[in-house]
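Asker: Supplied in structure tokens, the structure appears directly below.
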Amino acid sequence: MAGLFYSSSKPPSSSSSSSSSSSPSSYSRLLLLVTLLPLSLACFAFVLQWRGGLDDPVTHWSTTDHREFPGMASTHEKQQRSLRGRSNSDSGCVDLLGQSRAPSFPYFRDWSFDYQSDLNPKICITTSTSAGLEQTLPWLFYHKVIGVSTFYLFVEGKAAAPNVSRVLESIPGVKVIHRTKELEEQQAKSRIWNETWLASFFYKPCNYELFVKQSLNMEMAIKMAQDSGMEWIIHLDTDELIYPSGTSYEYSLRKLLGNISADVDAVIFPNYESSVERDDIKEPFSEVSMFKKNYDHLPRDVYFGNYKEATRGNPNYFLTYGNGKAAARVQNHLRPNGAHRWHNYRKSPKEIKLEESAILHYTYPKFSDLTSRRDRCGCKPTKVDVKRCFMLEFDRAAFIIASTASSEEMLQWYREHVVWTDANLKLKLLRKGILTRIYAPMVIIQELREAGVFSSVVTSAHMSLNNSSTVSISRESSQATGRRRVLEAHLDIDSESQASAIPPQSPPGLEATQMEPLSE
């Protein structure tokens, strides 16, 4: 019995021992499997991506035809650039325009800066400028973001310098036209000189001369726009930004103009004027957020009821012009009607005024604007002489101060007439709706700068110094366009087409409170 019992009890003892010894082994194998499985999957994914098997969203920046956006060059190209950069340093303007030297574009992955035929309607901007890159590049790329595809830049002064024009010409959609002797000879033969609508501005200095020059450039830009199949054209200065408010779900000029009725020939954007709050502004597009609204966007009682406080002792409600800018539908017989409007040789164009969108005019935003404007005009600083040089009262007063006062006196005058330092007055006018805060342009331009867009354009252009022939090609093509189209003589002029050019005009003054009821 004892043997039987021992015999029968021995197998359980053996089985229990085997089970206890195999249990740690199973746990070890399971732990090893759990550890190796994710490592294996990670290694497999890495190998596939390295060999091109996976779709990396970042690679969407590079298009199929290899027209990469500046700064998105291949690794080999970047290495070559960095090697060349060590031996041949830049002039330093890259650091001025942005801190990033190897930019990436995580914010703009779905934005196309190289707009082609897929963008409708096709919108172009024409400008006459002498501004440097620190102002022109933010202005350009902001308008690219909101839907402008083509720019006609008539450059002189700083904007025509080789290092500046080379950068501008490297940007897709930008046509640079230099003010050469040949261009002046072509424009001297323009039909405009034989017409009456601009005659009152001829042969006068400073602002009048600029006004005529802008009109001649606009005439040439119309022909360029027609040749390029543009649908809308806008004349804009490089201290102005379009604010396409009023479009639902999309901050887009393209969306705004795409919704305009087909029978409308021109769209008027009332202008808002910058209201700077410091006297040390360096980059107005990135530092100014407060604007004074246009009369057209305010209730009449609010405008006139707060007129004196909003004017702050200046000659007018706005420091400079208040009659806005216009976008025109590109069509036959279109002509400029001064820098602020468009007209047609065959008909009176149908115009509408936008109720929410505006032109943001950055007016004297930097203290240095006083002296820079003075240096561009050779008039005498007298009340009599400035009237033949400047159209608006504030420009006349600013020119006299900049020409006769000391630096300390100029700064004091600037603070009193331009800078908004009274916090209580600002709060009151903000509550009344006369002043408003607009942040969208500031945010867009700051994001572009932080992403390295501006610095990458400068770097890319400086790395292609050997392609300097593009400058002469651009000039020749622009001049050929002028010879081919601008100077054609047309005698089929409708009488209504001779309406006088519209100059920059001040907003309504208090005298309008007595005149306006009579017209109702």
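Asker: Would you mind giving the three semi-axes, in whole Å and largest first, of the ellipsoid equivalent to the range 125-171 according to its Cα gyration tensor?
Answerer: 18, 10, 9
Asker: With θ set to phi - 60°, apply the Karplus curve 6.51 cos²θ - 1.76 cosθ + 1.60 along the range 250-265 and write out the HN-Hα couplings as whole Hz, x wherever there is a Gly or Pro.
Answerer: With coefficients 6.51, -1.76 and 1.60, one gets 8, 8, 8, 5, 4, 5, 4, 6, x, 8, 6, 4, 5, 8, 8, 8 Hz.
Asker: Then there's this: Check which residues have an amide H placed less than 5 Å from Lys353's amide H, if you skip close sequence neighbours.
Answerer: Amide H neighbours of Lys353: Ile268.
Asker: Residue by residue through the range 362-375, which ³J(HN,Hα) values in whole Hz follow from phi under the Karplus form 6.51 cos²θ - 1.76 cosθ + 1.60 (θ = phi - 60°), with glycine and proline marked x?
Answerer: 8, 9, 6, x, 10, 4, 5, 5, 4, 6, 5, 5, 4, 5
Asker: Can you pick out the pairs among Lys122/Lys255; Lys181/Lys325; Lys122/Lys223 whose Cα atoms lie more than 18 Å from each other?
Answerer: In this structure, Lys181/Lys325 exceed 18 Å between Cα atoms.
Asker: Rg and Dmax of the range 118-220, using alpha carbons, in Å: what are they?
Answerer: 14.9, 44
Asker: So who's got an amide H within less than 5 Å of the one on Tyr272, skipping anything under 5 residues away but keeping other chains? H placed 1.01 Å off N, in plane.
Answerer: Placed amide hydrogens put Ile359, Leu360, His361 under 5 Å from Tyr272.
Asker: Using a 1.4 Å probe and ignoring any ligands, DNA or RNA, find the accessible area of Glu231 and quote it in Å² to the nearest 10.
Answerer: Only protein atoms counted, so the area is about 70 Å².
Asker: Quick check on packing: order 422-428, 411-417 by the mean number of other C-beta atoms within 10 Å, highest mean leading.
Answerer: Listed from highest to lowest mean packing, they are 411-417, 422-428.
Asker: Let me ask something else. Could you tell me whether the range 206-301 comes out rounded, prolate or oblate from its Cα gyration tensor? Rule is a ≥ b ≥ c as square roots of the eigenvalues, rounded for a/c under 1.5, then prolate if a/b exceeds b/c, otherwise oblate. Intermediate values should be presented prior to the final figure.
Answerer: Working: a/c = 1.79, a/b = 1.22, b/c = 1.47.
Because a/c hits 1.5 or more and a/b fails to exceed b/c, the range 206-301 counts as oblate.
Asker: In addition: Check which residues have an amide H placed less than 5 Å from Ala339's amide H, if you skip close sequence neighbours.
Answerer: For Ala339, whose amide H was placed from the backbone, there are no distant partners under 5 Å.
Asker: Rank by packing, highest mean first: peptides 454-464, 371-381, with packing defined as the count of other Cβ atoms within 10 Å averaged across residues.
Answerer: Details: 454-464: 21.9, 371-381: 14.6.
Order by mean packing, descending: 454-464, 371-381.
Asker: Another question, then. Could you give me the percent of Cα pairs per 5 Å distance bin for the range 386-468, shortest bin first, beginning at zero and ending with the bin that holds the maximum distance?
Answerer: 3, 11, 10, 10, 10, 12, 15, 14, 10, 4, 2, 0
The values are calculated or read from the model by the stated rules, or taken from the named source; none is laboratory data. In this text the structure is predicted, and so the values were computed from the model without any measurement. In this analysis, Cβ positions are derived from the backbone assuming ideal geometry, glycine residues included, and neighbour counts consider all displayed protein chains. Side chains are part of the model used for accessible areas, which takes the heavy atoms of the whole protein and leaves out ligands, DNA and RNA. Shrake-Rupley method; radii C 1.70, N 1.55, O 1.52, S 1.80 Å.
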